[in-house]
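First comes the structure, then the notes that go with it.
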Ligand SMILES: Nc1nc2c(ncn2[C@@H]2O[C@H](COP(=O)(O)OP(=O)(O)OP(=O)(O)O)[C@@H](O)[C@H]2O)c(=O)[nH]1
Ligand SMILES: [Ca+2]
């Protein structure tokens with residue numbers, strides 16, 4: 001075939017390949033009129049199709065006969081962890097897992113809470129361990145038995161036990177150690193301890209920034225935490241101020257160093273603060289603005305009018321029952337707020353640091369964004385506030401609640417028991433006195449987010465402790481995209497499908513690349529069709 005002639009006449013950049021076809025009329029499109037079907041070269045298409053079919057068959061076989069058939073037994077790369085959080089109002093057990101291959105944490109294997117807390121065993125400390133048994137049974141239902149012996153269990157007690165005399169603390173912990181040794185999980189006696197408030201704050205900071213994806217990133221982009229617990233308040237955030245050693249924590253994640261201020265303010269937790277305030281009011285040691293109506297009775301501005309006080313015990317301390325019958329409910333938000341502020345500022349005159357915002361304890365100026373958790377969250381949720389709500393909204397809601405008559409409040413909130421409903425006058429006033437009057441957060445500042453979780457990650461300091469315990473190098477902590485996108489039950493299968501799709505695309509493009517682009521053209525000189533290759 002004359003290449004040059006064929007080329008100039010038909011299309012100069014075509015290399016004709018010789019094939020017999022039928023004549024073409026003038027008006028016909030070069031490609032129409034179904035020329036006699038040319039016998040295509042089977043090898044040019046069959047390869048990618050065969051490859052793809054093989055791949056899909058293999059994957060289906062894998063999934064049907066291997067993956068799906070195998071018992072739901074976690075891979076050996078999975079490590080379980082059980083952590084008991086010994087809080088002042090209750091003890092809760094958390095079961096977590098961590099896959100050392102995918103860096104993937106599973107936080108929602110379950111948690112269970114039992115009230116009251118360990119500190120309520122101060123009067124009979126040797127029974128404290130028995131309070132853990134139901135919690136341990138719960139954990140054993142979550143961890144496969146084959147993993148129990150390798151699963152570490154730790155008890156970390158917080159403010160509730162910090163308030164108890166050290167001798168009693170040890171008796172309570174020994175009773176717990178006895179039960180934990182016999183639990184079937186892996187346990188060592190020094191894994192049952194009262195952790196420092198500073199550690200508690202650091203663990204909470206870790207889980208918050210892990211959940212926000214800022215752990216391992218720029219320190220100035222991290223988020224601080226303020227946790228209002230039952231017996232203590234934790235404040236932890238990155239500070240660029242020089243910090244006295246007792247308040248300073250340095251954390252390294254990968255090549256990033258975080259200089260943290262971290263402190264736990266004991267007695268400032270909401271439950272203990274409320275009990276302390278009412279104790280002071282009932283003994284007449286607290287000069288509130290409102291005068292008592294008759295001798296021997298005192299106004300309680302933090303309880304809505306019509307609420308009847310009764311004899312109360314204070315969990316977590318050795319104190320005997322307090323007689324609150326001398327109190328008369330006189331719900332008044334601003335008076336409750338100023339009474340709360342008096343509590344928070346108690347001892348400020350003894351401040352020996354550059355700045356003390358709570359009592360006489362050092363705290364640098366708050367900087368950046370904060371997540372306010374636990375009671376901050378519960379109270380904001382009760383008043384229906386948005387996550388990033390202004391304190392001014394809480395102030396208005398608190399004023400209305402405190403000023404409402406108790407009988408009306410009970411009708412409006414039938415599902416809540418009296419003690420739960422009562423706390424919202426004090427908690428709203430206490431939070432404004434804490435965050436605005438003491439820490440200086442303005443009433444219209446959006447820096448504060450009220451939350452107890454970020455997406456599906458609970459902001460439990462226990463989780464932060466497990467994260468530290470499970471991973472040596474935290475900067476790998478943030479899970480890779482593949483482990484966050486793919487659900488836990490089929491990472492392998494989904495990645496195989498992703499792989500096969502990729503291979504199919506590669507196979508297709510190879511076939512396209514190798515398969516010559518052919519055109520059917522009519523060679524006038526020869527009076528017949530030929531198929532020619534298109535050059536790129
Ligand atoms: N309003 C409200 N408060 C709740 C609810 N559940 C728990 N709380 C309170 O929220 C606080 C829970 O914070 P936690 O940190 O768990 O308290 P804790 O661990 O027992 O106390 P600490 O030892 O100080 O940490 C406690 O003051 C509880 O009384 C709830 O559903 N509603
Ligand atoms: Ca707590």
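Would you kindly state how much longer the chain becomes between residue 346 and residue 285 on full extension, computed as 0.36 nm times their sequence separation minus their alpha carbon distance, in nm to one decimal?
On the way: separation 61, 0.36 × 61 = 21.96 nm, distance 1.35 nm.
In short, 20.6 nm is gained.
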### Query
Remind me, relative contact order of the range 176-229 in percent, using alpha carbon pairs under 8 angstrom and six or more residues apart?
24 percent
#### Entry: Fewest-first ranking of 457, 225, using other Cβ atoms within 10 Å as the exposure measure
457, 225
## Note on the structure
A correct fewest-to-most ranking of 396, 363 by other Cβ atoms within 10 Å would be 396, 363
### residue 109-residue 190 pseudo-label distance in nm [points 7 Å out on the Cα-to-Cβ vector]
2.5 nm
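Ranking 91, 100 by Cβ neighbours within 10 Å, fewest first, what do you get? Could the numbers behind the result be given before it?
Working: 91 26, 100 13.
Arranged by neighbour count, lowest to highest, 91, 100 become 100, 91.
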### Task
Take residue 415, project a point 7 Å from its Cα along the Cβ direction, then tell me which residues of the range 349-383 have their backbone nitrogen under 13 Å from it.
382-383
#### Entry: Label zone at residue 255 (point 7 Å along Cα-to-Cβ), backbone N below 14 Å, the range 205-247
217-218
### Task
Give me the distance between the Cα centres of the range 235-270 and the range 362-432, rounded to whole Å.
27 Å
### Query
Tell me, what is the Rg over Rh of the range 324-399, with Rh the Kirkwood radius over Cα pairs?
1.04
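Coordinate-derived values only; no laboratory data. As the structure is a computational prediction, the values presented were derived from the model and not from experiment. No Cβ is skipped: glycine too gets one built from the backbone with ideal geometry, and neighbour counts run over all protein chains shown.
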